[in-house]
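Some notes on the structure that comes next.
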Amino acid sequence: MDMAATTLIRQHLIDPEICIRCNTCEATCPVGAITHDSRNYVVDASKCNMCMDCISPCPTGSIDNWRTLQRHAAYSVTEQLAWDTLPAELSAEQLADASAAQIPQPLESDVATAPAGDQSTLKGGSFGATIPPWSAAHAYTNLYGPKAPEHSIIATVVGNVRVTEVGTDYDTHHIVLDFGSMPFPVLEGQSIGIIPPGADAQGRPHHARQYSVASPRNGERPGYNNLSLTIKRVLEDHQGNAVRGVASNYMCDLRIGDKVHVIGPFGASFLMPNHPRSNIVMICTGTGSAPMRAMTEWRRRLRQSGKFDGGKLMLFFGARTKEELPYFGPLQNLPKDFIDINLAFSRTPGQPKRYVQHAMRERGADLAELLADPNTCIYVCGLKAMEEGVMLALQDVVSEAGMAWETLAAALKRQGRLHLETY
Amino acid sequence: MANIDYSEKIPNNVRLNEDRTLQRALEQWQPNYLNWWSDMGPDGSQGFDVYLRTAVSVDPQGWAQFGHVKMPEYRWGIFLNPADPARKIHFGDHMGENVWQDVPGEYRANLRRIIVTQGDTEPASVEQQRHLGLTAPSLYDLRNLFQVNVEEGRHLWAMVYLLHKYFGRDGREEGAALLERRSGQQDNPRILQAFNEETPDWLSFFMFTYFTDRDGKFQLCALAESSFDPLARTTKFMLTEEAHHMFVGESGVSRVIQRTCQIMNELRTDDPAKLRAAGVIDLPTIQRYLNFHFSVTIDLFGADQSSNAATFYSTGLKGRFEEGKRTDDHMLKHDSYKVLQVRGDALVEQEVPMLNALNEVLRDDYIKDSVGGVERWNKVIEKAGIAFRLKVPHKAFHRSIGTLADVKVAPDGRVVSEAEWNAKVNDWLPSPADRVFVASLMGRVVEPGRFANWIAPPVMGINRQPADFEYVRFN
Ligand SMILES: Cc1cc2nc3c(=O)[nH]c(=O)nc-3n(C[C@H](O)[C@H](O)[C@H](O)COP(=O)(O)OP(=O)(O)OC[C@H]3O[C@@H](n4cnc5c(N)ncnc54)[C@H](O)[C@@H]3O)c2cc1C
Ligand code: SF4
Ligand code: SF4
């Protein structure tokens, strides 16, 4: 999956015809992504992190709406405030046309294969579960933040290493934060918020940016009160224009001993199963590997101590090149009977482009076997635009194996077995 | 009650397990509550499994847990929003001081009165609605009725918790009295008049949940600003639940309108008689129900000028709606506000000190919010291509509290004579014949996925369940 060329997003929207303007969502949202005027309640796409906290408290269901759009054409807050009705989902042709005009590459080929008018194939957001697998451990959330008694917690940087090779345009850092004697319990799959110092162009303090935890529950260094993050330095925006991302650059440039303001933890559904026979399918691109690393490492530690030899791990991991794939080296060292690794590179010179969904289709038979097992949980993490392709590939793999996608998808959602986290 | 595991049986975030005094008070009260529920809760429903939303904690994952529950086993629970230790009083004479974690002696009586009045409305509406289960237009609606009822029950618990925890023996007595008053009963009625009116049919129920539960929202918002922190935190959490009640009303009326419009288009008529013959509720009748519920509800805000309201505000007991978002001085000592007065046969506006007009301020905020939803109903009519608009009546119409109680005012705001009022009252308010007609439509529909003829199915099921989901299982 290509990072710079992806432009489709799933935008979170509120249906103005059904919403009763009760303010529950605004009161619930941990990052202040929801605002209103006297007419409408709306979600600010630049702030919403898809945590799904607002979904079940909304009494009407109006908040559970998603539209696939070109990122540059995302509906602005002002636009949404003026709506009487929710705009229709763009047709596959409209999206494909727009993509083709903008960027010649990857997603439109997947989108174009979606049967026209069949909108369900595009609703990645609506397939994802909002509840955790039954055997997940209980997660603490929002211990620190604007609505908690302690508005933030200070962590100390105890490690910062580059995990992609020097000399490529992407540098991704593995950063370790220590919380001293302050409680900050996390589980694999949760994320934390970082508040960058300083203020934005309007003079307001920067809003928090979210990062997935990359270490297992007992710490990057077991027994210490620390955790790790995988952060990619943002040097260009999604259209490829040069910009310096505020938080990612701040984080990548930190030195040992620096202090960072943190909020969270966040997330109560993207959590791993803990029963010994559970299988985990992981699909990710780039820094979407952070939660996968956390889960894999936790399983590895358990295996070392003699537990969990039954459950299978299967990983689909995409990057532009081998050099840009975080943790490439360590990944290669994991035993083959422990994890089934499938890599896909989109920019290896002299090779055809390969994205995660290609790898998934190639391994369709094995993947389908795992999907049919009720002990399997599936996790998708990475840039928003990967979601469509991945969901289509899953759907094809399932149908080709002779299973009914609708039935399986509904079960995966209801049982908390399919989780999507894209940004 | 003696061997209860409190955190299991009474989910709470107030450390009930560690508070022996509170446990004892609740132990006395809870059996009486359960008796009240079995006497006055929904008629003939004790054994049903209902698909309910139950709160088990105040975080987003915990307060919206869905599943089939036998109603008497609903986990009522005591929940307060998390405390903010830095919270300061942000209006009135004590502005800038720390919020109170305990009741200041000098405000004890007033605070108790505010809490008792709020608490009294909660069981009252359950009493008003108890027979509606027998005429539900669908399983979906039946489930919504029960959800509203159990949450009213939980809100009663919330207020009783405050009374028990902070008001000693007086509080316990008030808590007991809340279970003794009865809606509409001559010798021991509920405190506020709207809560002694009947809710005879489902159209009334939807109007009630739209208009009267919205009053609840505004009162709770005003209390959520209170300097007495436990009250502010309790009512904040109640607000999240109250939203569902307003949803039931707004979408309920909207579905009635939608069905009527559909038949109007099928039969190509706006003749009420023909529409009634086709088994739907004509729009003018809906307008009359709206007039009734709107006017009865705006009385709940109290007299237009009130020194009590001024005291509650200045002493910091009760703020305004969205106090925190307003940009004035939050003292209001030098501000004024316009209230309506009758002069001869005309209504005129008069400037009065803002502090004395705070009931009116809240009422006007409420009216603005209500009108928004009525406009959304009009969209449904507009979409069906029908030239008819619903309107909220004038603020002075059919009032029985405050200065306006003594005049007869038409829905358009004209002061009218007694004679004109009597001649037209049946055009303005539901007549006995209207009520008889609406009652005649109320039959019980309980097959999954079926809906009574006079109401459209909802756009979406509860918690994304399908419309034919078994929302209630009669065992
Ligand atoms: C749940 C969740 C988990 C996340 N986990 C991780 C993680 O583990 N590692 C990680 O590196 N990031 C992660 N992110 C993304 C991260 O929160 C920030 O969005 C990212 O670091 C950019 O922030 P910034 O302050 O550097 O850029 P900003 O200053 O916010 O943005 C600068 C410009 O870059 C664009 N931009 C933002 N993000 C990207 C991007 N990824 N690629 C290209 N352009 C971009 C913006 O649209 C804007 O135009 C996660 C996001 C979410 C919601
Ligand atoms: S999904 Fe999360 S971040 Fe987005 S609006 Fe809802 S609560 Fe806020
Ligand atoms: S919670 Fe739902 S109904 Fe209430 S304002 Fe938000 S979107 Fe609208």
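Numerical summary
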item: Gyration tensor verdict on region A:5-62 (Cα atoms; rounded if a/c is under 1.5, prolate if a/b is larger than b/c, oblate otherwise); result: prolate
item: Over region B:384-471 - Rg/Rh using Cα atoms and the Kirkwood inverse-distance radius; result: 1.15
item: Stokes-Einstein D for region B:299-378, Kirkwood Rh over Cα pairs, 10 °C, 1.306 mPa s (µm²/s); result: 115
item: Highest-MSF residue in chain A out of A:S191, A:S228, A:S62 [GNM, Cα springs under 10 Å]; result: A:S62
item: When each of B:K217/B:K379; A:K147/B:K236; A:K353/A:K384 is checked by Cα-Cα distance, pairs over 21 Å; result: B:K217/B:K379
item: Percent of beta bridges antiparallel (DSSP, chain A, rounded to nearest 5); result: 60
item: Percent of beta bridges antiparallel (DSSP, the protein assembly as shown, rounded to nearest 5); result: 65
item: In Å, descending, principal axis extents of the Cα set of region A:260-400; result: 46, 43, 29
item: Inverse of mean 1/r across different Cα pairs in region B:177-326, Kirkwood, Å; result: 17.8
item: Full-extension gain in nm, B:R108 to B:T269, via 0.36 nm per residue minus C-alpha separation; result: 52.0 nm
item: Net charge contributed by nearby residues that have their C-beta within less than 10 Å of A:N142 (K/R +1, D/E -1); result: -1
item: Chain B: calculated mean residue ellipticity at 222 nm from DSSP helix runs of at least 4, using -39500 (n - 2.57); result: -15000 deg cm²/dmol
item: Point-to-point label distance, A:N249-B:E382, nm (Cα→Cβ direction, 7 Å offset); result: 4.7
item: Overall Cα dimensions of region B:1-75 - principal axes, largest extent first, Å; result: 35, 32, 17
item: Region A:311-319 - phi-based ³J(HN,Hα) in whole Hz, Karplus 6.51/-1.76/1.60, Gly and Pro as x; result: x, 9, 10, 10, 10, 10, 9, x, 7
item: Globularity index of chain A, i.e. its alpha-carbon radius of gyration over 2.2 N^0.38 Å; result: 0.94
item: By average C-beta atoms within 10 angstrom, highest first, the peptides B:223-235, B:186-198, B:415-427, A:281-293; result: A:281-293, B:223-235, B:186-198, B:415-427
item: Cα point-scatterer Debye curve for region A:355-423, base-10 log of I(q)/I(0) at q = 0.13, 0.18, 0.25 Å⁻¹; result: -0.33, -0.65, -1.25
item: Mean projected area (nm²) of the alpha-carbon convex hull when the protein assembly as shown is viewed from all directions; result: 40.1
item: In Å, descending, principal axis extents of the Cα set of region B:410-452; result: 51, 19, 8
item: Segment B:W421-B:V352, extension gain: residue separation times 0.36 nm, minus the distance between their alpha carbons; result: 21.9 nm
item: Distance between modelled label sites at A:A73 and A:Q332, nm, 7 Å Cα→Cβ extension; result: 4.3
item: Proxy reagent accessibility, fewest Cβ within 10 Å first, across B:T199, A:T321; result: A:T321, B:T199
item: Stokes-Einstein D for region A:164-214, Kirkwood Rh over Cα pairs, 4 °C, 1.567 mPa s (µm²/s); result: 93
item: Whole-Å semi-axes of the ellipsoid equivalent to region B:96-252 (Cα gyration tensor, √5λ, descending); result: 29, 18, 12
item: Projected area averaged over orientations for region B:61-113, convex hull of C-alpha atoms, nm²; result: 6.5
item: Label-point separation in nm, B:R473 to B:T21, each point 7 Å along Cα→Cβ; result: 4.4
item: Calculated SAXS-style log₁₀ I(q)/I(0) at q = 0.19 Å⁻¹ - region B:94-168, Debye, Cα scatterers; result: -0.81
item: Expected 222 nm ellipticity per residue - DSSP helices of 4 or more, -39500 (n - 2.57), all of chain A, to 500; result: -6500 deg cm²/dmol
item: Per residue convex hull volume, Cα atoms of region B:436-475, in Å³; result: 82
item: Net charge of Cβ neighbours under 13 Å - reference B:M238; Lys, Arg +1; Asp, Glu -1; result: -2
item: Kirkwood Rh, Cα atoms: Rg over Rh of region B:125-171; result: 1.21
item: Fraction in percent of alpha-carbon pairs per bin - 10 Å, chain B; result: 4, 19, 29, 26, 16, 5, 0
item: Over 20 Å [Cα-Cα, region B:27-166], rounded percent; result: 56
item: Compactness index (Cα Rg / 2.2 N^0.38 Å), region B:339-404; result: 1.44
item: Proximal charge balance of B:Y140 [Cβ under 12 Å; K/R count +1, D/E count -1]; result: -1
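Rule-based calculations on the coordinates, nothing more; no lab input. All values derive from a computational prediction rather than experimental measurement. Don't worry about glycine lacking a Cβ; one is built from the backbone with ideal geometry, like all the others, and counts go over all protein chains shown.
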